[in-house]
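The numbers here are math on the coordinates, done by the rules we state, and not lab data. As the structure is a prediction and not an experimental result, all values here were calculated from the model. Here the Cβ positions follow ideal geometry from the backbone for every residue, glycine too, while neighbour counts run over all protein chains shown.
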Amino acid sequence: MLAVAMSAPVAFADEVSQQVTTTEPAGTPVLAILGGVLMVVVTLAVVCHMIYENFIRKPLRADYTVEEFKAARAAEGLSEEMSEEEMTVCMRLNNYQNIWTQVPSDEEEPSFIPTRKKQIDIVNQIVADAVATKPTDEEVVSLVNELNGVTNNMLKREFNGSKTIIVVSIVVGIILALIMGGFPIFPIASGIVIYLLASRTPVFVLARKELKGTGGGRSFLTMIMGGLFTTVATAKTYKTVTHWSDGSTTTDTDNSETWISLAITFIVAVMIAVFLWLISLVSYLRNYWFYF
């Protein structure tokens, strides 16, 4: 009887041990780790690309000289005079007028600028072919420098994003940092930095929009925030005045419309600040790859 009585607690302990073992939480899924690593890698690649395009990429040379090309031809044992075949290659430079977009002007001689990336690439290749011939004709060299100078100006970038969104994100970041102890500062701050870079639009895109009459408009998010701020500013305050039989009056004030408008505005502002990196990704694709 004693042996049987002692075996029951032992069996119960083994069963509890098995239950505890089987209910231990599983580790972080491999797919979640790979997804996080992939997100970090993609973000770094995007940031590096934007930094390169804005601050590292070298402009095209626009200071070629005839003497430079003459010296290069002499070093290779070539004649100082260009051959007919080389001149034919260089004459293709004049095709830029058929490739680039004409700018409306009151001047007698028309002006042309590239307004699409494809236009830039085509003329760049024509210029590269002309430079490869080592031209010694003054007009050819001058046209090469002029085309490269215009291209450099069109490839410059200007911030074309929403300043309102940046201010809203900063304010939201400060408020959440005070409430939550500083946790949201880094993701929101990094989102703002990425947005500043992603919203730098090439001048040739801005020029195309201006020629079409579609430039200078406010962004969709700016219009949303502007509408919400207007709603808050125009929210009504209702006052109810009650006249009592003893001749006294009491006034009840209802500001619920204002508070509801403020709450909705704050929720939308938080969503914009938190997901600013996603908004930046859309701007990055538009300004660095698709150019629309």
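Numbers below:
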read-out: Number of the exception - Phe112 against (1) in a helix (DSSP H, G or I); (2) under 30 Å from the mean Cα position of the chain (by Cα); (3) aromatic (Phe, Trp, Tyr); value: (1)
read-out: Search result, residues across the range 62-88 that are surrounded by 10 or more Cβ atoms within 10 Å (Cβ to Cβ) and assigned to a helix (DSSP H, G or I); value: Val66, Glu67, Glu68, Phe69, Lys70, Ala71, Ala72, Arg73, Ala74, Glu86, Met87, Thr88
read-out: Pair list, Cβ < 9 Å and 6+ apart or interchain, from the range 103-132 residues that are over 25 Å from Lys212 (Cβ atoms) to residues that are of a type in the set (S, T, N, Q); value: Ile126/Asn95; Val127/Asn148; Val127/Thr151
read-out: Checklist (1) in contact with a strand residue (DSSP E or B) (Cβ under 6 Å, 6 or more places away or on another chain); (2) surrounded by 15 or more Cβ atoms within 10 Å (Cβ to Cβ); (3) polar (S, T, N, Q) applied to Gln97, failing item; value: (2)
read-out: Residue within the range 194-213 that is assigned to a helix (DSSP H, G or I), farther than 28 Å from Lys117 by Cα, out of contact with any strand residue (DSSP E or B) (no Cβ under 9 Å at 6 or more places or on another chain) and touching a residue at least 24 places away in the same chain (Cβ under 8 Å) present; value: no
read-out: Leading residue by the ranking (farthest from Glu158 (Cα to Cα)) among those in the range 221-248 that are among the hydrophobic types (A, V, I, L, M, F, W, C) and surrounded by 10 or more Cβ atoms within 10 Å (Cβ to Cβ); value: Ala235
